[in-house]
Amino acid sequence: MSVTEVGKHATVACPFCATLNRVDLTRITDRPKCGHCGRPILLDRPIAVTDATLDGVLTGTDVPVVMDGYADWCGPCKIMAPILDDFARQRQGDVLVVKLDTDRNPATTRRFDIRAIPTLIVFRHGGEVARRAGAIPRQELDALVGPIAPTGPIGRS
Ligand SMILES: [Zn+2]
């Protein structure tokens, strides 16, 4: 094969010890474990990002990243949460879903100018490509992320 295989990795913080781990998304059925504490890294649900870990996650992830900027006291966020849970489970390996607690991570909240919550931001290769403020239905979330295009221009529907 002359075609260069495009990397398909995600970098996520271990939910137990916060160590950043690079995970091969083509092998998630092998149940990846944290290289530091050995506990499982579960990519079938949104994974927390913080001011400290977001840049590592964005630069180390080849697939689109959906970031949910939320707060615990926010009603619409509670409507959005199960939609994002389903989305993360059904598209695991193709999309990485992360969640940002805006109350605890003011630097990232300011940096991305998140003024309403929830705010959903889609990143590809570290750059913001789409965002939406407020809770949205699943179809809109799918449309926001778009079709999976590992190379070439992003299709718009
Ligand atoms: Zn760990």
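Brief remarks follow.
- Taking first residues from the range 34-54 that are among the basic types (Lys, Arg) and partners that are within 15 Å of the ligand (Cβ to nearest atom) and not in a strand (DSSP E or B), the Cβ contacts under 7 Å between residues at least 6 apart in sequence or on separate chains come to Arg39/Cys14; Arg39/Phe16.
- Residue count, the range 92-117 (criterion: touching a residue at least 24 places away in the same chain (Cβ under 8 Å) and surrounded by fewer than 16 Cβ atoms within 10 Å (Cβ to Cβ)): 5
- Checking every residue in the range 5-14 against the condition of being buried (at least 17 other Cβ atoms within 10 Å of the Cβ), within 26 Å of Arg131 (Cβ to Cβ), out of contact with any helix residue (DSSP H, G or I) (no Cβ under 8 Å at 6 or more places or on another chain) and not charged (D, E, K, R) gives zero matches.
- Reported count of residues in the range 14-41, each being under 19 Å from Asp62 (Cβ atoms), over 17 Å from the mean Cα position of the chain (by Cα), away from the ligand (no atom under 13 Å from the Cβ) and not acidic (Asp, Glu), is 2.
No lab work stands behind these numbers, since they all come straight from the coordinates. Not measured: the values here are computed from a predicted model. As a convention, Cβ positions derive from the backbone with ideal geometry for all residues, glycine included, and neighbour counts pool all protein chains shown.
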